[in-house]
Each structure stands twice: as C-alpha cells, then as structure tokens.
C-alpha cells in the first residue's frame, strides 16, 4: 500500500475511516435519542416529539448518504470493469 498521505485529507485517514464513521453516527444519533428519553421522562412531550423528529432526520440522512456512496461506488466499479473489457487498440 502506498504510504504517502492522501491529498484530500493531508494524513492517512483511510484505515481509521470505520472508527470515524462510527463516531459520526454516535454524535448525530445519541444526543437526540437521549433527549427523547429525558423529555419523555419529564413529560415534556413537545420537546420529546421534536427530538424524535430530529433523530429520524439524522438517521434518514445517514442511510441516504450510505446509499448514495454505494451507488457512486457501484457506478465507478462498473465503469472500471467496462473499460477493462474493451479490446486493445491496434
């Protein structure tokens, strides 16, 4: 594997990507879920509903980003495979 830093990140972050994605999911989901529970425990239903809506929006955005990433990745691999199947010129 190439040991040079990735130009977009400045450091080699690819091996740490799963941990960073997990942290991102936790930072978006846990506070909203916790606020739903606390607001429900105190009977503040408007705040619980707002936090539940925020949690649903966050989770939908995570799923949408994952699906978009997989679609782009599939198109990239499909294009790469199609180019490698072409006969050599000449």
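The values are calculated or read from the model by the stated rules, or taken from the named source; none is laboratory data. The shown structure was predicted, so the numbers you read here are calculated from the model rather than taken from an experiment. Note: ideal-geometry Cβ built from the backbone for every residue, glycine included; neighbour counts use all protein chains shown.
For the list (1) in contact with a helix residue (DSSP H, G or I) (Cβ under 7 Å, 6 or more places away or on another chain); (2) over 19 Å from residue 21 (Cβ atoms), I need the number of the one condition that residue 53 fails.
Condition not satisfied by residue 53: (1).
Across the range 50-79, which residue is modelled with the lowest pLDDT among those that are farther than 19 Å from residue 27 by Cα and more than 20 Å from the chain's Cα centre (by Cα)?
If we take residues in the range 50-79 being farther than 19 Å from residue 27 by Cα and more than 20 Å from the chain's Cα centre (by Cα), then 79 is modelled with the lowest pLDDT.
Identify, by number, the condition in (1) under 18 Å from residue 23 (Cα atoms); (2) surrounded by 12 or more Cβ atoms within 10 Å (Cβ to Cβ); (3) at pLDDT 95 or above that residue 44 doesn't meet.
Only one criterion in (1) under 18 Å from residue 23 (Cα atoms); (2) surrounded by 12 or more Cβ atoms within 10 Å (Cβ to Cβ); (3) at pLDDT 95 or above is unmet by residue 44, namely (1).
Could you tell me which of the residues 82, 86 is on the phi < 0 side of the Ramachandran plot, part of a helix (DSSP H, G or I) and either at pLDDT 80 or above or out of contact with any helix residue (DSSP H, G or I) (no Cβ under 9 Å at 6 or more places or on another chain) (or both)?
Criteria check complete, one pass: 82.
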